[in-house]
Amino acid sequence: MTAEPMTPAPRMARATSSASRLRVQKIGFGLLGLLAALTVLPIIAVVVYMIVQGAPAISWEFLTGFPREGMRAGGIWPAIVGTFFLTLGTAIFAVPLGIGAAIYLSEYASENRWTRLIRIAIINLAGIPSVVYGLFGMGLFVLFLNFGTSILAGSLTLSIMTLPVIISTTEEALRAVPQSFRVVSISLGGTRWQTIWRIVLPQSLPGILTGVILGLERAAGETAPILFTVAAFFLPRLPHSPLDATMALPYHLFVISTQVPGMPVQIQYGTALVLLAFVLSMNIIATVIRSRARKRRQW
Amino acid sequence: MRNKATSLSWIEFLITRLVKASGYSAIVFVGLIFFFLMGEGLPALAETSLSSLLSTRWYPIEGYYGLLPLIGGSLVVTLGATLVAVPVGIGTAVFISEIAPRWLREILKPLVEVLGGFPSVVLGFLGVLVLSPFLREFLGLPTGLTALAGSLLLGGIAIPTVVSVAEDALDAVPRSYRDAALALGATQWQTIWRVTLPAARSGVLTAVMLGVGRAIGETMAVMMVTGNAPVLRLGLEALFMPTRTMTATIAAEMGEVANGSEHYHVLFLIGIALFLISLAINVTASALVFRQHKRSERILS
């Protein structure tokens, strides 16, 4: 790994004819194309397969009904509602904190040792395994702070996990706003916060939204962090307060695909499809916002 | 600074404080997680002897807490996943960044992001229902719930990480490097292989490391398809047998454990190990990126 990138020049000269070099190139490109296909085709196959297998299970009753007969019949409404509340709770904690941290890093912080420490901390938060977040959330929120297994405990756990995604995408969006915008605002007598609030944030809003949605998408689909903090195995009623436990789509899918014998396959596929649709639609919305903003951007 | 701050209105002052506090919250959270894991996990070292922890038997009901089978399981599955994700991921990144025409790139990049967004429990579900029956039939195994199934799924889960980081690294290679190579008569293939990739190597290495980190930390998919058998096996046949990773053990057993028991503390100890592994991977990876920046600045100045 110590060779400098520029040294192999003599070896290039040794290549015999341009015809054989082009043949090598053709084979090489073909191979890389194959690897790309290996990445992409299974994705398409999985999505199509899930739709084909899951669509017959989807009905009004399935989406809005309560599970019956030990979850082997009926609907998944409590799980849908639970995932919605968890995602909402995560947004309430993670969005202000994440955007605040990004504003600090992009607009206030000078490049010193503390800032570097913050960045290392963010990178580490992004890398911590989701099940470790589950352990931490159980230890701190469920037991130590005595929230019990509840939407509150789960949302807090998920927000810490989501934070790095929101911070890094928001910071990128803020930094993309040209410096001249800030200079003009300050020169017109705007304070630093007025500049951020009236100029920088509106300009970077699409980028921030993209980051927020991608972060929440991750929170909505995760299972391991809610295993010991929120999730109820079977709870056929809706939560009444943030301190209630709840069913959630990812955990419900895990339960019915591994823990319940004699589960009808159709309900499993239906549940998986609903979860996948929930998560992927967030993904698509984020992608659309980003690409539209890119096209409209004038700087 | 102080002069300026006093002239600001109190709202400005308050907001500055709030923003600063949220910036520092990242450090607070990492610290909290670390100390909490330590507080709950380190008692295990006092309750369970080191020789017991380093034995090869994991059977908590009878008080056997040998961690080697779990470490072995994580190693085998992660190694398998790396063998899948690294060539496929880097190949895909090179294809997207260097070869694919613009329209194809616009299709491929969002698709890879879609894969990144797949909930791992959905992949685990498909692993149980589709992948492992297929492997059982195809390879004639007694069960399809094996380390191999876990490796393949985890490979898929790690691919988006490898692709996006490696692609960023390739994008960051200055255009002039490629132009110079092409002008010297190199083919496009030679340019990629001998100039662009070597120039982006620390970024590509970062991609590999973060992919490995993603694979080690993955829980649900790997728990569902690897068959839940905490038995130490080495050698190639380990790939075709059921196994159990560190992450899966926490997820599978924490729900049934009495708060504050020996078992509880040992599971937190595994959590500490996972935390430290991800810490090591991420600090090294970010140091690599940092060094790369320094190096390119040196070259350009």
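The values are calculated or read from the model by the stated rules, or taken from the named source; none is laboratory data. Predicted, not measured: the structure shown is a model, and the values here were computed from it. Virtual Cβ from ideal backbone geometry, glycine too; neighbours counted across all protein chains shown.
For this structure, a couple of remarks:
- Per this entry, residue B:257 is not counted among residues that are at pLDDT 90 or above and more than 9 Å from chain A (Cβ to nearest Cβ).
- Lone qualifier among A:269, A:251 - being over 14 Å from the mean Cα position of the chain (by Cα), more than 18 Å from residue A:131 (Cα to Cα) and touching a residue at least 12 places away in the same chain (Cβ under 8 Å): A:269
- When the range B:35-60 is filtered for residues that are away from chain A (no Cβ under 14 Å) and in a helix (DSSP H, G or I), the ones remaining, listed by number, are B:45, B:46, B:47, B:50, B:51, B:52, B:53, B:60.
- For the range B:232-269, the set of residues classified as touching a strand residue (DSSP E or B) at 6+ places or on another chain (Cβ under 8 Å) and of a type in the set (Val, Ile, Thr) consists of B:243, B:249, B:266, listed by residue number.
- Which numbered condition residue B:185 fails, given (1) of a type in the set (Gly, Ala, Ser); (2) at the interface with another protein chain (Cβ under 9 Å from one of its Cβ atoms); (3) buried (at least 20 other Cβ atoms within 10 Å of the Cβ): (3)
- Listed here are the helices (runs of 4 or more DSSP H) enclosed by the range A:71-175 that have at least 3 residues being surrounded by fewer than 23 Cβ atoms within 10 Å (Cβ to Cβ) and not acidic (Asp, Glu): A:77-103, A:113-127, A:151-175.
- Taken together, B:115, B:108, B:126 contain a single residue that is assigned to a helix (DSSP H, G or I), farther than 30 Å from residue B:244 by Cβ and at the interface with chain A (Cβ under 10 Å from one of its Cβ atoms), which is B:108.
- Inter-residue pairs, beta-carbon under 9 Å, first in contact (Cβ under 8 Å) with a residue 12 or more places away in the chain and in the range A:76-98, second of a type in the set (Lys, Arg), 6+ apart: A:78/A:237
- The set of residues from the range A:178-201 being closer than 17 Å to residue A:101 by Cβ and of a type in the set (A, V, I, L, M, F, W, C) comprises A:193, A:196, A:197, A:200, A:201.
- Boolean, residue B:191 is at pLDDT 90 or above, over 13 Å from the mean Cα position of the chain (by Cα) and facing chain A (nearest Cβ under 10 Å): yes
- Filtering the range A:36-67 to residues that are surrounded by fewer than 19 Cβ atoms within 10 Å (Cβ to Cβ) and in contact with a Pro (Cβ under 7 Å, 6 or more places away or on another chain) leaves only A:66.
- Residue ID - surrounded by the fewest Cβ atoms within 10 Å (Cβ to Cβ), chosen from residues in the range A:183-194 that are free of Cβ contacts under 8 Å to residues at least 24 places away in the same chain and part of a helix (DSSP H, G or I): A:187
- Residue B:94 vs. criteria aliphatic (A, V, I, L, M), under 30 Å from residue A:216 (Cα atoms), in the same structural domain as residue B:193 (by TED's automatic domain parsing) and out of contact with any Cys (no Cβ under 9 Å at 6 or more places or on another chain): yes
- From the options A:270, A:262, residue that is of a type outside the set (Lys, Arg) and part of a helix (DSSP H, G or I): A:270
- Residue match in the range A:201-219 (condition: free of Cβ contacts under 8 Å to residues at least 60 places away in the same chain and closer than 17 Å to residue A:271 by Cβ): no
- Among the residues listed as B:243, B:249, B:196, the single one being closer than 27 Å to residue B:165 by Cα and not aromatic (Phe, Trp, Tyr): B:196
- Qualifying residue in the range A:133-147 (condition: within 10 Å of another protein chain (Cβ to nearest Cβ), farther than 25 Å from residue A:201 by Cβ and under 16 Å from the mean Cα position of the chain (by Cα)): yes
- If the condition is being within 17 Å of the chain's Cα centre (by Cα) and surrounded by 15 or more Cβ atoms within 10 Å (Cβ to Cβ), then the range A:286-299 contributes A:286, A:287, A:289, A:290.
- Residue check for residue B:87: closer than 23 Å to residue A:134 by Cα and in the same structural domain as residue B:152 (by TED's automatic domain parsing): no
- Qualifying residues in the range B:1-23 (those that are assigned to a loop (DSSP other than H, G, I, E, B) and modelled with pLDDT of 55 or more) - the one surrounded by the fewest Cβ atoms within 10 Å (Cβ to Cβ): B:9
Table: residues versus (1) touching a Gly at 6+ places or on another chain (Cβ under 8 Å); (2) more than 14 Å from residue B:29 (Cβ to Cβ).
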site: A:109; (1), (2): yes, yes
site: A:114; (1), (2): no, yes
site: A:118; (1), (2): yes, no
site: A:129; (1), (2): yes, yes
site: A:133; (1), (2): no, no
site: A:137; (1), (2): yes, no
site: A:142; (1), (2): yes, yes
site: A:146; (1), (2): no, yes
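- Whichever residue in the range A:264-299 is closer than 20 Å to residue B:123 by Cα and more than 11 Å from every other protein chain (Cβ to nearest Cβ) and, among such residues, is modelled with the highest pLDDT: A:270
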